[in-house]
1. If the cut-off is a Cα-Cα distance under 17 Å, which lysines reach Lys89, setting aside same-chain residues fewer than 8 apart in sequence?
2. Got a sec? Charge dipole of the chain, +1 on Cβ for Lys and Arg, -1 for Asp and Glu; which of Ser58, Gly111, Met127 is way out at the positive end?
3. If you add up the charges near Ala108, with Lys and Arg at +1 and Asp and Glu at -1, over every other residue whose beta carbon is less than 13 angstrom from its beta carbon, what do you get?
4. Which value at 222 nm does the chain reach when only helices count, each DSSP H run of 4 or more adding -39,500 (n - 2.57), with the total divided by all residues and rounded to the nearest 500 deg cm²/dmol?
5. With the Cα gyration tensor of the range 1-76 giving a ≥ b ≥ c as the square roots of its eigenvalues, does the rule (a/c under 1.5 for rounded; else a/b larger than b/c for prolate; else oblate) give rounded, prolate or oblate?
6. To make sure I understand, if each residue's beta carbon is the centre and we count other beta carbons within 10 Å, what order do Lys26, Lys89 fall in, fewest to most?
7. Kindly put Ile31, Ile42 in sequence by how many other C-beta atoms sit within 10 Å of each C-beta, fewest to most.
8. Using alpha-carbon pairs under 8 Å, 6+ residues apart, how would you state the relative contact order of the range 3-126 in percent?
Amino acid sequence: MIGIVIVSHSHLLAKGLQDMAIQMSKNMVKIEAAGGVDDANIGTNAERIHRAIEAAYSPDGVLILFDLGSALFSTQMAIEMLPAEHHAKVKVSAAHLVEGAIVAAVEASLGHSLEEVNAAAEAVKDMQKIL
């Protein structure tokens with residue numbers, strides 16, 4: 001089963017979304033939060049993201065969702081810290097953070113592949129919230 005990493009500039013946002021996604025996946029998916037420079041300061045921390053990727057890693061892969069542009073840069077740095085053989089099993093998603101993380105958690109709990117989970121998470125961009 002794939003793992004999921006939530007990267008946010010806010011520790012509280014990442015942690016809250018992690019809690020929600022864990023509940024939605026019925027605690028079947030490894031979901032790690034990597035928010036903030038630390039628990040008190042806004043920003044991103046490549047080392048913190050790296051540790052989250054390692055904690056969520058499985059041979060099936062890891063899907064990473066992020067909030068704002070510079071989080072992508074920190075995430076890319078974190079991926080570079082991984083052993084080279086893990087790089088192909090890590091996917092950074094273009095999905096919206098909140099909706100994408102919830103859909104990814106549910107899809108991962110169903111045993112879907114990294115590619116399938118990412119496709120479902122990215123598809124929420126086109127989902128109409130208000131009819």
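Each reported figure results from applying straightforward, stated rules to the coordinates on display, with no laboratory input. Treat the numbers as computed from the prediction; the structure is a model and nothing was measured. In this analysis, Cβ positions are derived from the backbone assuming ideal geometry, glycine residues included, and neighbour counts consider all displayed protein chains.
1. Lys89 reaches Lys30.
2. Positive-most Cα among the choices belongs to Met127.
3. On the way: positive: Lys26, Lys30, Lys91; negative: Glu32, Asp60, Glu107, Glu115, Glu116.
Here the charged neighbours net out to -2.
4. -14000 deg cm²/dmol
5. Here the range 1-76 falls in the oblate category.
6. Going from least to most buried by this count: Lys26, Lys89.
7. Final ranking by Cβ density, sparse to dense: Ile42, Ile31.
8. It comes to 28 percent, rounded to a whole number.
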